[in-house]
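Quick notes on the structure that follows.
The values are calculated or read from the model by the stated rules, or taken from the named source; none is laboratory data. Because the structure is predicted, anything quoted here is derived from the model rather than measured. With ideal geometry, Cβ positions are generated from the backbone for all residues, glycine too; neighbour counts draw on all protein chains shown.
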Amino acid sequence: MIPFNDLRRQNQPILDELTQAALKVINSGHFVLGDEVRSFEKEFAEFVGARNCIGVASGTDAIQIALMGLGIGHGHEVITAANTCVPTIAGIAATGATPVLADIDPKTLTLDPKSVASAITPQTRAIMPVHMYGHPCDMDALTRVVNGKEITIVEDCAQAHGAEYRDQRCGSFGACASFSFYPTKNLGALGDGGAVVTNDNETAERIRALRQYGRADAYNHPSPGVNSRLDEIQAAILRVKLLYFDDASAQRCALGERYDSSIANDWVSPLVPSKWATPNRHLYVVRSPHRDALQEHLSRNGIATQVHYPIPIHLLEAYREFGKPDAFPESERACAEVLSLPLYPGMPGDDVESVIQAVNTFHP
Ligand SMILES: Cc1ncc(COP(=O)(O)O)c(C=O)c1O
């Protein structure tokens, strides 16, 4: 079977460096909030092009803590996309704020600025663009929607490490941005991890306190917080991974371009990057009105695929209060049609060819 992803293959070429990095932390005897986390925070802030980075325990926590750091919680609304994955909603809801869904642009499968504009109420405090699949949202259009209002932008960059909107990296547009370092992400740890980035030093200080029980120093707690810290071993691993990020990213982009130029089938439409977008090819997504049959055909040909995501938020049992069926038609259509093909750094060329052949011979 051609795997959808292969983390062992991705880690193999740098196994010695990863092992040494972990060993160094084990021998240091210091496991939580030490030099590795501080160094990674500095390096990742530079990578994004933001002034501050605060390491936390996951991407979901990063969403929660970023919003808390901006004073968003009970009685407030945060607008995000109906086709996002559940943790975006879980992170917002964990603050006590109400997630409010908006529909997506069918070309980018990211937040539709017009739908966002119509979802704004006096309670709206933030919009959370999700750069789905590593394709940036239309940040200029979204910024125009909130201009002149007391509404901030908090980007969900869990899938968008290194992706650019008009040559500027995702994560550097809003008041804050959240990142996930879940192992399958473009920058992935060997376990859970996440980060908040922000240009505002005061927000960064609040977030630093919030991730550690709201503690400013040893016995001084100006506000309630949570326990959500990136640990030293994961930070050390991420520092090694960051050194190889550009190479891994170039491989992803080359694979994406190979698919773009070779997939030719009237029943299968790859997403076309917008002219202002430099996607990071986190996921290679095609649409087909016969998605399930396409997935079965690929499976019969020995190719593993995934669906990100089959059910929009408002049709999940847990979140039915956020919208009736047909409330967000573009999101619903996309969820019924999207299919992610295998794409990862180190994917063998023969496997790429097999995927292309199999996609091109599909007919419903
Ligand atoms: C769009 C999006 N937001 C948030 C998250 C949450 O990240 P984590 O799994 O690190 O909590 C993920 C990852 O699963 C994601 O893809």
- Say whether the condition of being assigned by TED's automatic domain parsing to the domain that holds residue 204, of a type in the set (A, V, I, L, M, F, W, C) and under 30 Å from residue 335 (Cβ atoms) is met by at least one residue in the stretch 34-50. yes
- Item | Residue satisfying all of: in the stretch 73-93; surrounded by fewer than 24 Cβ atoms within 10 Å (Cβ to Cβ) and more than 11 Å from the ligand (Cβ to nearest atom); nearest to residue 307 (Cα to Cα) among these | 93
- Message: Please go through the stretch 52-72 and give me each residue that is in contact with a strand residue (DSSP E or B) (Cβ under 7 Å, 6 or more places away or on another chain) and away from the ligand (no atom under 16 Å from the Cβ), ordered by number.
- Response: 52, 69, 70, 72
- Hey, can you tell me all the residues within the stretch 94-108 that are within 13 Å of the ligand (Cβ to nearest atom) and free of Cβ contacts under 8 Å to residues at least 40 places away in the same chain? 94
- Message: Take the conditions closer than 28 Å to residue 191 by Cβ and either out of contact with any Gly (no Cβ under 8 Å at 6 or more places or on another chain) or not assigned by TED's automatic domain parsing to the domain that holds residue 308 (or both) and apply them to residue 61. Does it pass?
- Response: yes
- Quick one: which of 72, 92 is of a type in the set (A, V, I, L, M), more than 17 Å from residue 322 (Cα to Cα), outside any strand (DSSP E or B) and assigned by TED's automatic domain parsing to the domain that holds residue 142? 72
- Residues that are surrounded by fewer than 16 Cβ atoms within 10 Å (Cβ to Cβ), touching a Gly at 6+ places or on another chain (Cβ under 7 Å) and not in a helix (DSSP H, G or I), drawn from the stretch 1-39: 1
- Message: over 26 Å from residue 95 (Cβ atoms) and in contact (Cβ under 8 Å) with a residue 40 or more places away in the chain: is that true of residue 22 in this structure?
- Response: yes
- Subset of the stretch 312-326, residues surrounded by fewer than 16 Cβ atoms within 10 Å (Cβ to Cβ) and either under 13 Å from residue 286 (Cβ atoms) or aliphatic (A, V, I, L, M) (or both), comes to 316, 318
- Task: Please identify the pairs in which a residue from the stretch 41-70 that is among the acidic types (Asp, Glu) has its Cβ atom under 7 Å from the Cβ atom of a residue that is assigned to a strand (DSSP E or B), counting only partners at least 6 apart or on another chain.
- Result: 41/53; 41/54; 41/55; 61/194
- Item | Count of residues meeting criterion [polar (S, T, N, Q) and under 9 Å from residue 232 (Cβ atoms)] in the stretch 14-32 | 1
